[in-house]
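Take a look at the structure below.
The values are calculated or read from the model by the stated rules, or taken from the named source; none is laboratory data. None of these values were measured; they are calculated from a predicted model. Positions of Cβ are generated from backbone atoms using ideal geometry, with glycine treated the same way; all protein chains shown enter the neighbour counts. For the accessible areas, the whole protein counts, side chains as well, though only heavy atoms, and no ligand, DNA or RNA atoms are used. Shrake-Rupley method; radii C 1.70, N 1.55, O 1.52, S 1.80 Å.
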Amino acid sequence: MKIEFTLNGTRVSADAPADSTLLTVLRDQLNMTGTKEGCGVGECGACSVLIDGRLVNSCLVLAAQAGGRQVITIEGIHDPQGGPNDLQQAFIDYGAVQCGYCIPGMVLAGEALLATHPQPTRTEIRQAIAGNLCRCTGYQQIVDAIQATARLRSERQEKISHV
Ligand code: FES
Ligand code: FES
């Protein structure tokens, strides 16, 4: 079946069997290999993407369910010049990346949280990334990076509102 949706701001279409997951279509047909496959059964969050701003495990979503929606993968997160955005840079600065396998999902989980909770507590951050497993970092640095980004964005926002 033909599936059309908006991927990182661009309209795309894919031809895939009706039972294809969004993860398969993203990786195998649309070359979005930043979206990782870990468990394949909704347990690890490595395959996280945003659909209409909501964090989902793309291994549990049929590609057809993305039809007509806005899908954001890690390839769609960057600064205006195409480099790391502030959250990605914070992951680097706080040593929150080791093997990197969980990181696309973690960044998307962080973005989903900050979009709705601009100043989250550490508990809220931990809850927001609870579905994303990291076997390397111990989570502390990831929480630090998300919290630092929240602080930075809110300071920026304050400056803008005082101009
Ligand atoms: S690969 Fe989708 S949750 Fe693990
Ligand atoms: S950095 Fe290796 S799984 Fe998270």
Against the definition (open to solvent by 70 Å² or more (accessible area, probe 1.4 Å), farther than 24 Å from R54 by Cβ and not basic (K, R)), how does V163 come out, yes or no? yes
Checked pairs for the stretch 129-154, first closer than 12 Å to Y94 by Cβ, second open to solvent by 50 Å² or more (accessible area, probe 1.4 Å) and away from ligand 1 (no atom under 16 Å from the Cβ), C-beta under 6 Å and 6 or more apart or across chains, list as T137/Q98; Q141/Y94; V143/R122; D144/Y94; A145/Y94
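Within the bounds of the stretch 39-53, is there any residue that is touching a Lys or Arg at 6+ places or on another chain (Cβ under 7 Å), touching a residue at least 40 places away in the same chain (Cβ under 8 Å) and among the small types (G, A, S)?
Yes; the residues of the stretch 39-53 include at least one that is touching a Lys or Arg at 6+ places or on another chain (Cβ under 7 Å), touching a residue at least 40 places away in the same chain (Cβ under 8 Å) and among the small types (G, A, S).
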Counting only residues in the stretch 28-45 that are open to solvent by 70 Å² or more (accessible area, probe 1.4 Å) and in contact with a Ser or Thr (Cβ under 9 Å, 6 or more places away or on another chain), the one nearest to ligand 2 (Cβ to nearest atom) is identified as E37
Practice task
Answer yes or no: is there a residue in the stretch 88-99 that is more than 22 Å from V56 (Cβ to Cβ), open to solvent by 40 Å² or more (accessible area, probe 1.4 Å) and among the hydroxyl-bearing types (S, T, Y).
Solution key: yes
Checked V107, V49 against criteria (within 11 Å of ligand 1 (Cβ to nearest atom), touching a helix residue (DSSP H, G or I) at 6+ places or on another chain (Cβ under 7 Å), modelled with pLDDT of 95 or more and under 18 Å from G9 (Cβ atoms)); the one match is V49
(request) Return yes when A109 is in a helix (DSSP H, G or I) and without any contact (Cβ under 8 Å) to a residue 60 or more places away in the chain and no when it is not. (result) no
